[in-house]
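**Q** First, the structure itself, so that you have it in front of you.
The values are calculated or read from the model by the stated rules, or taken from the named source; none is laboratory data. Note that the coordinates shown come from a computational prediction; the quantities given were computed from them, not determined experimentally. Note: ideal-geometry Cβ built from the backbone for every residue, glycine included; neighbour counts use all protein chains shown.
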Amino acid sequence: MATPDVARVNGSSHRTDWHDRYYHVDQVLDRPGPRTDPSFMAGAGVKEFLRTQCKILVIGAGGLGCEILANLALSGFKDIHVIDMDTIDISNLNRQFLFRPKDVGKPKALVAAEYIMKRVPGVTVTPYFGKIQDKDDDYYMQFNLVICGLDSVEARRWINATLVNLVDPENPESLKPLIDGGTEGFKGQARVILPTVTSCYECSLDMLNKPTAFPICTIANTPRLPEHCIEWASVLEWPRVQGEKKMDTDDPEHIQWLYNIASARAKEFKIEGVTWQLTQGVVKNIIPAIASTNAIIAASCCNEAFKIATSSAAYLNNYFMLIGTDGVYSYTFEHEKRDDCPVCGGESLEVSVPRSWTVERLIEMLVEKQDIQIKKPSLSSGAKHIYFQAPKQLEEATRPNLEKPLVDLVPDGGDITVTASSLPFSLSLRVTYV
Amino acid sequence: MIKIWSMKKNEEAAAKKKPKTSAAQIRVQKDLTELDLPPTMTTVFPDPADLLNFSLTITPDEGMYQGGAFVFSFVINSNYPHEPPKVKCTQTIYHPNVDLEGNVCLNILREDWKPVLNLNSVMVGLQYLFLEPNADDPLNKEAAEELRKNREQFLYNVKQSMRGGYVKGVQYAKVNV
Ligand SMILES: [Zn+2]
């Protein structure tokens, strides 16, 4: 980087952009290359967008998140938001480099935001200490891009479904590219998801490495590994001894209890290696994190964010896999969208029906109509069950709805989820009344 | 920003927003309403509005456990089908693959679970345990021992336990119907 002459840290973000601050980045932004997208506005236009307009959301301020925040700030993103629900643990300090020993116990999002703003003048990082599920569609609508550095499948499924649902055919702004990074030891992946256009996170759910689970009879009878002893404590002994009491894997006393039980078990079977840390790791399903793998994956996510935000180069289409466990291999491929994906697949139909129609009449229509022809459809709307073909008890419970006017169960413009064995996954109906 | 919008196909652009039903919820609806169970299996929903908590009763019509009604609880969490349903036997039964706490040794409930499997596969798998109890994956070691060594005695113990009787000092639940 060119040495700044004077760093003016007051006033607008523009004024902090001292001469040649982005000298290197600007080599890419000032002129189109032979293969840049025709829509690329080289020069002032794209720089202006990146540095004054583009708003990006980072989900997760952990191992990947720290790297992502630093990379984004240093490549010229100025309006960054970050969400994380965790507080800093002493074990994070070996790789989550925005945190110091004095920060232990404080929210990751707040400390990370403060650090980046102090270190990179002119960047605003807006933290939120809480869950992604706390925020609604309006919140997510304000961003141009979302980057995820999460270790939870559940959180990823949630944000993916939220962004797919956000897509409104009448509003191009509603389509938010999602860049998802993940690591596991020496392995990692980065992917670009264009909600409703490319394959989504849910489309690839069956490709995931599932958490290691040991056969329950091995745990019960023939333990050989320290993990078997820990699972014995958490899967079998906890419910047996503690009854209904819920295990809280963030509670050190609970971990201690499991550790004691697991240690006794290990002693009995002459197994070595049960430690407090391993106990916590197994029950919380902590995947060993390696700082340098995080760095590689975070960097590729941020490069994609930069390319997507600026159109300065072709972006990843759409799945990059890094396998560093046996030499170093990487593989980039286009993961295909699935028709039977519960989130982005399936069809969606608008139906306009008379106000007088009963549920039964609608079902007849679904069964008969030439272009639909669904055999034995089951219908729900949100959490409300409208009509279920099976099992018997639920069929009986929902049968009275057949005679009810549809309008009593689904409001004008409301949605119905239809499932049937003849459908790849589900069909969603938007109902309007005439 | 890249222009993604133009990449949307026309027919997709016509598609409307989808309902805010979670993938797990729709998947459970699909699994349950498409269950194809033999008459030997029945589901019971304590709260018909709650699809995530229910029980399954298995009444085998052949094999050593014929004449009993075995009840399993199913708990499905919001990460289904990434995670399998949690299934436990609600009664104390004498079975080599079920322990006294109700834990069940069925591979597809743990190590071999895959999102392409469904509730139907789990239920069929559970029923199979009653037709072919497996001495190789024991959770009740004594029962497994007995099955391996002395099939006659094992059969006798099963009948005894199903009546609510004692086997080797343990009283089992009466499951005969
Ligand atoms: Zn999908």
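**Q** How many residues, within segment A:344-367, are out of contact with any Phe, Trp or Tyr (no Cβ under 8 Å at 6 or more places or on another chain) and within 16 Å of the ligand (Cβ to nearest atom)?
**A** Result for segment A:344-367: 3.
**Q** Let me ask another. Can A:Gly188 be described as of a type in the set (Gly, Ala, Ser) and farther than 30 Å from A:Thr16 by Cα? Outline the logic, then answer.
**A** Numbers: of a type in the set (Gly, Ala, Ser): yes; farther than 30 Å from A:Thr16 by Cα: yes.
Criteria met by A:Gly188.
**Q** Looking only at segment B:44-65, decide whether some residue is away from chain A (no Cβ under 11 Å) and on the phi > 0 side of the Ramachandran plot.
**A** yes
**Q** While we're on this one: Would you confirm whether any residue within segment A:346-365 is surrounded by 12 or more Cβ atoms within 10 Å (Cβ to Cβ), in a loop (DSSP other than H, G, I, E, B) and within 14 Å of chain B (Cβ to nearest Cβ)?
**A** yes
**Q** While we're looking at this one, here's another question. Which pairs have Cβ atoms under 6 Å, sit 6 or more apart or on different chains, and link a residue in segment A:329-351 that is closer than 19 Å to A:Asp168 by Cα and aliphatic (A, V, I, L, M) to one that is within 8 Å of the ligand (Cβ to nearest atom) and part of a loop (DSSP other than H, G, I, E, B)?
**A** Pairs found: A:Val343/A:Cys200.
**Q** So, one more: Being touching a residue at least 12 places away in the same chain (Cβ under 8 Å), out of contact with any strand residue (DSSP E or B) (no Cβ under 8 Å at 6 or more places or on another chain) and away from chain B (no Cβ under 14 Å) is the filter here; which residues of segment A:129-163 pass it?
**A** Result: no residue meets the conditions.
**Q** Counting just the residues of segment A:411-434 that are at pLDDT 90 or above and more than 10 Å from chain B (Cβ to nearest Cβ), which one comes out farthest from A:Gly382 (Cα to Cα)?
**A** Here the answer is A:Val434.
**Q** Among the candidates A:Gln373, A:Gln389, single out the residue that is farther than 24 Å from A:Pro195 by Cα, more than 14 Å from every other protein chain (Cβ to nearest Cβ), away from the ligand (no atom under 16 Å from the Cβ) and polar (S, T, N, Q).
**A** Numbers: A:Gln389 fails: more than 14 Å from every other protein chain (Cβ to nearest Cβ).
Exactly one of A:Gln373, A:Gln389 is farther than 24 Å from A:Pro195 by Cα, more than 14 Å from every other protein chain (Cβ to nearest Cβ), away from the ligand (no atom under 16 Å from the Cβ) and polar (S, T, N, Q), namely A:Gln373.
**Q** Something else now. Being surrounded by fewer than 21 Cβ atoms within 10 Å (Cβ to Cβ), of a type outside the set (Gly, Ala, Ser) and not in a helix (DSSP H, G or I): is that true of A:Glu244 here? Give the derivation first.
**A** Working: surrounded by fewer than 21 Cβ atoms within 10 Å (Cβ to Cβ): yes; of a type outside the set (Gly, Ala, Ser): yes; not in a helix (DSSP H, G or I): yes.
It is true that A:Glu244 is surrounded by fewer than 21 Cβ atoms within 10 Å (Cβ to Cβ), of a type outside the set (Gly, Ala, Ser) and not in a helix (DSSP H, G or I).
**Q** Then there's this: Evaluate segment A:190-204: report whether one residue or more is surrounded by 19 or more Cβ atoms within 10 Å (Cβ to Cβ), away from every other protein chain (no Cβ under 12 Å), more than 16 Å from the ligand (Cβ to nearest atom) and at pLDDT 95 or above.
**A** Yes, segment A:190-204 has at least one match.
**Q** What's the number of the condition B:Val116 fails, among (1) out of contact with any Pro (no Cβ under 6 Å at 6 or more places or on another chain); (2) at pLDDT below 95; (3) surrounded by 15 or more Cβ atoms within 10 Å (Cβ to Cβ)?
**A** Evaluating B:Val116 over (1) out of contact with any Pro (no Cβ under 6 Å at 6 or more places or on another chain); (2) at pLDDT below 95; (3) surrounded by 15 or more Cβ atoms within 10 Å (Cβ to Cβ) leaves (3) as the failure.
**Q** Quick check: anything in segment A:228-237 surrounded by 20 or more Cβ atoms within 10 Å (Cβ to Cβ) and either of a type in the set (Val, Ile, Thr) or out of contact with any helix residue (DSSP H, G or I) (no Cβ under 7 Å at 6 or more places or on another chain) (or both)? Let's see the steps before the verdict.
**A** Step one: filter segment A:228-237 for residues surrounded by 20 or more Cβ atoms within 10 Å (Cβ to Cβ), giving A:228-234.
Then drop every residue that is not either of a type in the set (Val, Ile, Thr) or out of contact with any helix residue (DSSP H, G or I) (no Cβ under 7 Å at 6 or more places or on another chain) (or both), which leaves A:230.
Scanning segment A:228-237, I find at least one residue that is surrounded by 20 or more Cβ atoms within 10 Å (Cβ to Cβ) and either of a type in the set (Val, Ile, Thr) or out of contact with any helix residue (DSSP H, G or I) (no Cβ under 7 Å at 6 or more places or on another chain) (or both), so the answer is yes.
**Q** Select, from B:Pro60, B:Pro46, B:Pro19, the only residue that is at pLDDT 95 or above and farther than 20 Å from B:Leu126 by Cα. Let's see the steps before the verdict.
**A** Details: B:Pro60 fails: farther than 20 Å from B:Leu126 by Cα; B:Pro19 fails: at pLDDT 95 or above.
Among B:Pro60, B:Pro46, B:Pro19, only B:Pro46 is at pLDDT 95 or above and farther than 20 Å from B:Leu126 by Cα.
**Q** Report whether or not A:Lys376 is at pLDDT below 95 and closer than 25 Å to B:Phe45 by Cα.
**A** Criteria met by A:Lys376.
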